[in-house]
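I have placed the structure first, in the form of structure tokens, so that the comments after it can refer back to it.
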Amino acid sequence: MLAVGAVLCTVALLSAAQSPQASAPSNQPPPEATALILGRVVDASSGRPIAGAIVTLRGSVALPEFTGPGPTSTPRAMTNASGQFVFRKLLNGAFMLTASKPGYADGAYGKRRPEGSPAPLKLEPGERAGDVVIPLWRYGSIAGTVTDEAGEPLIGVSVRAFQSRYAAGHRRLIETDFASTDDRGIYRFDSLIPGSYVVAFVSHEASLPTQVVEATRSPAAPGDAAAQALRRETAALGGPMGSPGSPFAMQVGGVVRQINFSAPVPPPGAETGATFIYPTLFYPAAPSAARAALITIASGQERENVDFSLQPIRASRVSGTVVGPDGPVANVALRLVQASGDFQNDLETAVTITGAAGEFTLLGVPAGQYVIKVVRAPGPTTPAPQPQMTQIQVGNSTVFSSSAPASIPGPPPVPDDPTLFAETAVSVADADVSGLVVPLQRGGRLTGRVEFEGARERPDAKTMVRIFIMPERADALSGVNAFLFNPSGHPDGSGAFKTYGLPAGKYLLRVNVPGGGWILKSITNEGRDISDTPIDVKNGDVANVVVTFTDRPTKLEGMAHTADGSADPDALVVVFPQDSGGWTDFGASPRRMRSVRTQKNGAYSLSGLPPGDYYVAAIKDEGQWQDPQVLEELARVASPIRLSDGESKTQDLKTTGGGR
Amino acid sequence: MIRAAALLAIAVVAAHPVEAQTRDAAAPATGTASIAGRVLSDTQPPRPLRRAVVTINAPDRTGSTAITDDAGRFAFANLPAGRYTLSASKRGWVAMSYGARASGRPGRSIPLADGQRATATLQLPRGAVITGVITDQNGSVPQGVSVRVMRYAYAFNSSEKRLLPANGSGVDERGVYRIHSLPPGEYYVAAFGPRDFFSQSRDLHLTSDVDVQEAQRAVQAGPTTPVTDVVQRGVGVTPVFYPGTPNMAQATAITVRAGEERAGVDFTIQYVAVSHVSGTVQGPDGQPPVNARVTLVTNTPSIPDTGIEGIRNAFLDNRGQFDFSAIAPGQYVLMARMAPPGPTGPNAPPPQVLSSIVDVDVQGDDVTGLTLVLQEGLTVTGTVRTDGTAPPPRLNALRVNLAAVQTGNAVNISTGGTTVRDDGSFTLTGVTPGRYRLTLFAPTPWLVRSATIGGQDSLDLPVEIRESIDDAVITLTDRKSELSGRIENGAGGADYSIVLFPENRAFWVGPARRILTARTAADGTYLFGNVPPGDYQLAAVDDVEPGEWYDPAFLQRLAPSAMKITIAEGEKKVQDIKIGGGG
């Protein structure tokens, strides 16, 4: 699923980037658009046609031979009662065909599993492709009722579904869906792809010092850096906070407790001012994911009665001070998260913002092991220009639309100020924790330069500044939750760059390509490639990072054959490093772990792999092939190849059983 | 509506000026009064509502929030003397203010003296439910459709009743929608198509039998035989009202009682033929503009407020061309805007905005070849002044806005606000011609006394802007005027709505700052805490629907029995009212 997301994303980005070229006038007469596609959308399990599905045709510009429709035209067809659709007047080229239908996971031509990879459909000039089949897999569902200790249904409460999946070589719980209970307390996840799920109600408490709430309510002047910083911290916690006197917040002993609209209304506090909460509950009745029931859902399966009975408990307060290198740090956001490696994203239990003297109080913390996380990124060096807002009133509706500034000057320069961060472990028993000191440290940053190897014209300064040099967590833990800001650096006209300071951890560097025929060759630091091998920034800044672009991409191509020697149009060709050290912690978008579907004639083609030693294999089923155990099995049957700089290699393959 | 507003004969009691009560702004937030009470269901017999959220508020003071216990009880202690309003809400139930006659109506405030212990009971109706199934003309579940229930009400910026959205829901994969927590009342249900705000190209065609047959023939015949072309007509979804009509006038109202679940509100959406709207945008130099944005806005009077569904945005290609697809028949406003680069920074002038606007009528055929030539908008330049003794506000934290004043069902387009510079000057650019009010949100204790353009106060009379303006003046004052009093009808605790409206009928342009209403408090007193100085009429009515007071016809009916009253700047006037006879 992750891989699919990444592929589609790339297609979209490229299509936007290429549009000026696509519409550039050409000396040759335009080719005649006479190809057509006649196809069917079918239920993958029963083979029955699906009426009313919407099929979308996109030019697959990710492929070099792209001549398909431009990005401004994305024709869509709704299937008839027999599930059929027709696209006409097409140029030759490679196309992506996707289909959607309520109750089904989005399908695509070439997919063999709901989370599998699509394949391009190639059309010759004037070709008529008949019986192009797009399978759709029915979603499964999980439904239940949420009640409180009195048996009263809880309304408007969020329940979350986590799928157990592999990410960067680790099994993780990845949040795939959330659902709100209706007026009967009923929730329903209606779009679950087949897999194993954990379902949970997650407790979340936000509380703020009274003066912080008041400060966020008055308008912030554009030049008021402290007010703007507080706005950013509030936004990091999910936006504006409610005030007492509204239904969204109440005063609790010196702090303002938020009444979250997607959480149950908490029980009233006792005379003692104790805080009662509904603690996190994993179905059926576990406080942590380790003892949760794994619910396995097949395509089309409807699981009911996954009910929650929430019982309030008296929760503790965790209070203390955030101290930076220059003393207490005011108005910085704190997140108390579960100390668990099970989740892709941090599971927040309580959040707050420090007061004027760096003091904080986190409300509603049940007994357990936690980590307090703080990340304070430096604010922008110059305030962003204010876009001109246009207010459009239609009847009684008002819509604001911002007029984009005429030239986007590129991303703002990376400030010299440090990123401050903390990760402080906290153990909470059944009593308040006070006097905690959360020390902020300076995050190390990556500095270096960008180089170009090749004869092509180098990008100009305007293009250079749009190169994003993006640190990515090697363990593929969520970028958003890991940073709460974009830590990317951008080369200046001379090619020099620096990233923001980063919280301690292992990182991989990623870049986007500048266009103009340049592709990434390597990102090295002291002789090792940190686009594959994570680098630890815990010991401060890392200098001399060299990002090298080349204009000579490697190319790997060939044919996949079935056991009887015929071309295999249904294989998935997977490439992975020979060194098993690269089978985990390869981030969310690995460079050396790639897969591609074979085309109708059994051919495959992959370009831009970094030079190195690889295994390449064609497999039937594209299950979770990135699972290190599967890779170990595949390594035994795969073909070893070595790609050197700019090399084109042909490797024919025999399809094997493959993943699971 | 007027039937509910029984006019009351008012006997004037001599107004007696009192010394302005000096309220210490820094008074401690704790006091000695309290309010305790219960939240109950409005059923027979009432039952306690636990976990209801109760809020208490008073003017110029931070409010408090409490949660009811298992017996529905709540309490607010340590309250300073003042006039308090109470409200209660509970999910699945309808929020109510204390003393309100229905949901959405103003409550009665509770005056508290030092040491006073008041009690209050709030009763909430259970919310109603409307649920049903949406299918398309082929019996399939349509994609991306949302359902909204709407009701007629006075809009905040209008003096007439309109169909306004009350609540909404998505449609699940079975086509089911469910909208709950609705106040009892009369509703219209409408289904809307996908939100296309950000997408420019949404071509969708239905697959016809002849299309499939001809394609099959072409596939079998091989690449050398010519293909018979079949037109693939684009379709889209336009708003449909229950029981299945695109016409608001033919919609069927659904009336629900408190707690009622109305199931089976099923209806079908139709795919209608849609068109492309395409053309070119040129800069003032005739060249394709850089980074201009084109917006197409629905302006069909028979379609109610569609909000974001009524708006589509597009960018231009490098030849300045745009192409909107899937545009349903109707009237539209097409607007192009562009902000050329300029200096930035806190005191830099805002970028000049170029724009162009045309009306577009779509009748089912493609509209092509439109040309929009960008022109510089109008500029409004002015100054913010203060007149008072309080510490002056931070001028560069203030924002000035030009609010378009709606006329009919038209689309109004106005430039967003601008920040005031350190020296109090401001410049609004890219202003399209129209009627405007110049507005500013003043921080306490400052109030906007006037916002003049060419000497005319736009807050009272919207100003027609046809050319650039350089004499706008916004004046802030810290002298607040107040009007309060007691209504006596001989029975004690008189319960009326008081309407204060300007004597000058030219100012009856909603939402006018001089049209004010207040509900009498539990002890029969009333208070207008901030009255712009001027000549007014004061009337008491039994009940009034929110927003109705902006309806000139309503005010006209009040005028003959109303009492004239003049408020000076900074005056704290007390005006008691005796009601007799015609009540």
- Item | Mean separation of Cα contacts under 8 Å (6+ apart) over length of region B:29-124, as relative contact order % | 36 percent
- Task: Could you tell me whether chain A comes out rounded, prolate or oblate from its Cα gyration tensor? Rule is a ≥ b ≥ c as square roots of the eigenvalues, rounded for a/c under 1.5, then prolate if a/b exceeds b/c, otherwise oblate.
- Result: prolate
- Item | Spatially close lysines, pair count over chain B: Cα under 17 Å, gap of eight or more or interchain | 5
- About the Cα centre, charge dipole magnitude for region A:178-217 (Lys/Arg +1, Asp/Glu -1 at Cβ), debye: 40 debye
- chain A - percent relative contact order, Cα under 8 Å, separation 6 or more: 10 percent
- Query: P(r) tail for region A:491-574, what percent of Cα pairs lie past 22 Å?
  - Reply: 46 percent
- Query: Averaged across the residues of B:61-74, what count of C-beta atoms belonging to other chains lies within 10 Å of each residue's C-beta?
  - Reply: 4
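Quick one: compute a quarter of the convex hull surface over the Cα atoms of region A:589-660 and quote it in nm².
Values: hull surface 19.9 nm².
Value for region A:589-660: 5.0 nm².
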- chain A: calculated mean residue ellipticity at 222 nm from DSSP helix runs of at least 4, using -39500 (n - 2.57): -2500 deg cm²/dmol
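Could you tell me whether region A:169-276 comes out rounded, prolate or oblate from its Cα gyration tensor? Rule is a ≥ b ≥ c as square roots of the eigenvalues, rounded for a/c under 1.5, then prolate if a/b exceeds b/c, otherwise oblate. Intermediate results must be reported in sequence, preceding the final value.
Working: a/c = 2.41, a/b = 1.47, b/c = 1.64.
Here region A:169-276 falls in the oblate category.
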- Take region B:425-583, compute every pairwise Cα distance, and split them into 5 Å bins from 0; I just need the percent in each bin. 2, 8, 16, 19, 18, 14, 10, 6, 4, 2, 1, 0
- Rg/Rg_ref, region B:120-160, where Rg_ref = 2.2 N^0.38 Å and atoms are Cα: 1.94
- Note on the structure: Stokes-Einstein, Kirkwood over Cα pairs, the protein assembly as shown, 10 °C, 1.306 mPa s; D in µm²/s equals 46 µm²/s
- Note down, for region A:454-602, the three equivalent ellipsoid semi-axes (square root of 5 times each alpha carbon gyration tensor eigenvalue), biggest first, whole angstrom. 32, 21, 13
- Which angle between 0 and 90 degrees, to the nearest 10, do you get for helix B:209-221 versus the longest principal axis of chain B when only C-alpha atoms count? 30 degrees
- Task: Per residue of region A:524-529, in order, report the coupling 6.51 cos²θ - 1.76 cosθ + 1.60 (Karplus, θ = phi - 60°) as ³J(HN,Hα) in whole Hz, putting x for Gly and Pro.
- Result: 10, 9, 6, x, 10, 8
- Item | For chain B: rounded, prolate or oblate by the Cα gyration tensor [a/c cutoff 1.5] | oblate
- Peptide-level mean, for B:136-145, of C-beta atoms on other protein chains within 10 Å: 4
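Using alpha-carbon pairs under 8 Å, 6+ residues apart, how would you state the relative contact order of chain B in percent? Working shown, then result.
Values: 1482 pairs, mean separation 83.4, N = 583.
Relative contact order here is 14 percent.
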- In whole angstrom, the spacing between the Cα centers of region B:505-557 and region A:491-532 equals 65 Å
- In degrees, nearest ten, helix A:2-22 long axis to first principal axis of chain A (Cα): 70 degrees
- Note on the structure: Projected onto the charge dipole of region A:288-346 (unit charges on the beta-carbon of Lys, Arg, Asp and Glu, signs +1, +1, -1, -1), the Cα from A:Gly320, A:Gln344, A:Ala330 with the largest positive-side position is that of A:Gly320
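Is there a simple number for the mean count of other chain Cβ atoms within 10 Å of the Cβ of residues in B:317-326, and what is it?
Numbers: counts 7, 4, 2, 0, 2, 1, 2, 0, 5, 1.
Across the residues of B:317-326, the mean count of other-chain Cβ atoms within 10 Å is 2.
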- Give the percent of DSSP beta bridges with both residues in chain A that are antiparallel, rounded to the nearest 5. 80 percent
- Query: Antiparallel DSSP bridges in the protein assembly as shown: what percent, to the nearest 5?
  - Reply: 80 percent
- Query: Which angle from 0 to 90°, rounded to the nearest 10, does the C-alpha axis of helix A:628-637 make with the longest principal axis of chain A?
  - Reply: 20 degrees
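No value in this document is a laboratory result; all are computed from the given coordinates. Quick caveat: nothing in here was measured; it's all calculated off a predicted structure. Reconstructed Cβ throughout: ideal geometry from the backbone, glycine too, with neighbour counts over all protein chains shown.
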